[in-house]
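The values are calculated or read from the model by the stated rules, or taken from the named source; none is laboratory data. None of the values given here were measured: they were computed from a predicted structure. Note that each Cβ is placed from the backbone with ideal geometry, even for glycine, and that neighbours are counted across all protein chains shown.
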Amino acid sequence: MDYSKILSKRYVDFKWSCGKEYSSLDWYEEIIPKPTQKELDLLWVDILKDEMRIQRNILLQESDFRVLPDYINPNKELWVENRIKLRDFPSVWVEGLEFPLPPI
């Protein structure tokens, strides 16, 4: 888990410093309490999902042309199936799960 990445994205307007462990997180804010380890764990999962969706969208965009009606592609149905799997991917995502492989 990258604590500085979480804090930089979710607590950008707050004062803090941290190392690689939760125990190194120094919180200098009085407005809100220091986030708990559990809160940061949940935010980390959200960040990973956001990054996965960005990558998934890139893969979809890169394969758009392969399913156009005027594009001659003998594997068009395989590409359609692959794109369906990519669009459904967030609903089945768990950390470490790989994206569906594109057809050859």
*If you take the residues of region 10-20 that are surrounded by fewer than 13 Cβ atoms within 10 Å (Cβ to Cβ) and either of a type outside the set (V, I, T) or assigned to a helix (DSSP H, G or I) (or both), which of them is nearest to the chain's Cα centre (by Cα)?*
K20
*Before we move on, is E51 within 22 Å of the chain's Cα centre (by Cα), assigned to a helix (DSSP H, G or I) and modelled with pLDDT of 95 or more?*
no
_Among the residues of region 94-104, are any modelled with pLDDT of 95 or more, loosely packed, with under 15 Cβ neighbours inside 10 Å and of a type in the set (F, W, Y)?_
no
_Long-range neighbours under 9 Å by Cβ, at least six apart or interchain, first residue in a loop (DSSP other than H, G, I, E, B) within region 65-92, second surrounded by 12 or more Cβ atoms within 10 Å (Cβ to Cβ)_ = N73/R66; N73/V67; N73/W79; N75/R66; N75/P103
*asked:* Against the definition (surrounded by fewer than 15 Cβ atoms within 10 Å (Cβ to Cβ), part of a loop (DSSP other than H, G, I, E, B) and at negative phi), how does K38 come out, yes or no?
replied: no
*asked:* Filter region 22-35 down to the residues that are surrounded by 10 or more Cβ atoms within 10 Å (Cβ to Cβ) and among the acidic types (D, E) and list them by number.
replied: D26, E29
*Tell me which of these K76 doesn't satisfy, since it passes every other one: (1) among the basic types (K, R); (2) under 26 Å from M1 (Cβ atoms); (3) surrounded by 14 or more Cβ atoms within 10 Å (Cβ to Cβ).*
(2)
